[in-house]
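Okay, so here's the structure we're looking at.
The values are calculated or read from the model by the stated rules, or taken from the named source; none is laboratory data. Small disclaimer: the values here were computed from a predicted structure and weren't measured. Cβ placement follows ideal geometry from the backbone for every residue including glycine, while neighbour counts extend to all protein chains displayed. In case anyone asks, the SASA skips ligands and DNA or RNA and just uses the protein heavy atoms, side chains included. Shrake-Rupley method; radii C 1.70, N 1.55, O 1.52, S 1.80 Å.
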Amino acid sequence: NHACTKDLMDYAVRTNTPCVVATTGHTVEELEMIERAAEKIAIFRSANMSIGVAILADFAKRAAALMPDADIEIVEKHHNQKLDAPSGTALALADAISETVSYNPKYTYDRHSVRKKREKEEIGIHAIRGGNIVGEHTVIFAGTDEVIEIKHSATSKEVFAQGAIRAARFMYKKPAGLYDMTNVLESEI
C-alpha cells in the first residue's frame, strides 16, 4: 500500500537494501521520497508488474508516435472489488503515451457529464468494474478510416508475482537509481 512508502524508504536506505515498489496511488510527496531514496539505493518502481503490460506500454508509445493524428482512448477492466478507478496501470499507460505525443495531453475520465466534442489533446480513460476480472487494458488509436487496438489481459494474479520476481532478480547488485520494467525488458533483449 502506498501509505507504507515512508517506512519502506526509510528502512531500505538505512539498511542499503534495493527495493521493489509495486503499488499505485502514491501522493506527490511519496513519489518525491522514492526519488530521493533512489539517489542512495537502487529502487524499482512500476504501477504494474506484468511483463505483458510493459510490452503493451512500449507498443502504445510506438503507435502514438506513428499515428500522431489518432484519438487515443484507454479502457481498463477489473474485478468488482477494486477500489481505485481508473487503475494505476491505466494512468501509467496514459503517462507513457504522454511522453511520446507532440502535444500536452489532458486526461478525460468518462464523458457523461461533458457535453462537447472531443478535443484533440485528450486521452480518454475509462474504467469498468465487474465479476472477477483480474485486469484488462486496451489502448485504442482511432484514426481516419482505421482503428488500432492494443490489448493486454491478465487471467491470473500470478503474472504480477512472476514480474516481481524478475524485477527483484534484475535489481541484484544494481547501483543507486530508479528503475522500471522497461529496464528489465531491455536487459533481456
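Computed quantities for the displayed model
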read-out: Value of relative contact order over the chain, rounded to a whole percent, pairs C-alpha under 8 Å and six or more apart; value: 30
read-out: Linear extension gain, Lys117 paired with Leu31, 0.36 nm per residue minus alpha-carbon span; value: 27.5 nm
read-out: 222 nm mean residue ellipticity, helices alone, for the chain (DSSP H n ≥ 4; -39,500 (n - 2.57); rounded to 500); value: -11500 deg cm²/dmol
read-out: Förster-model FRET efficiency, 41 Å R0, Ala65 and Thr15, C-beta, rounded to 0.05; value: 0.50
read-out: Farthest toward positive dipole pole in the chain [+1 Lys/Arg, -1 Asp/Glu at C-beta], among Ala127, Ala60, Cys19; value: Cys19
read-out: 24 Å Cα-Cα threshold exceeded, pairs from Lys117/Lys151; Lys61/Lys173; Lys120/Lys157; Lys6/Lys174; Lys82/Lys173; Lys77/Lys174; value: Lys117/Lys151; Lys61/Lys173; Lys120/Lys157; Lys82/Lys173; Lys77/Lys174
read-out: Where labels lie 7 Å past Cα in the beta-carbon direction, separation of Glu158 and Asp95 in nm; value: 3.0
read-out: Along each principal axis, Cα extent of the chain, largest first, Å; value: 55, 35, 31
read-out: Computed E for Thr182/Ile128 - FRET, C-beta separation, R0 22 angstrom, nearest 0.05; value: 0.25
read-out: With every protein chain in place, the chain: carbon and sulfur % of accessible area (1.4 Å); value: 52
read-out: Dipole in debye (nearest 20) - segment 1-99, about Cα centre, beta carbon charges: Lys, Arg +1; Asp, Glu -1; value: 380
read-out: Given charges at beta-carbon only (K, R positive; D, E negative), |dipole| of the chain in Debye; value: 400
read-out: Accessible area in square angstrom per residue, segment 1-93, 1.4 angstrom probe; value: 51
read-out: Linear extension gain, Tyr103 paired with Val147, 0.36 nm per residue minus alpha-carbon span; value: 13.8 nm
read-out: Alpha carbon centroid spacing (whole Å) that separates segment 61-104 from segment 125-153; value: 9
read-out: Angle in degrees between helix 88-98 and the longest Cα principal axis of the chain, rounded to the nearest 10; value: 70
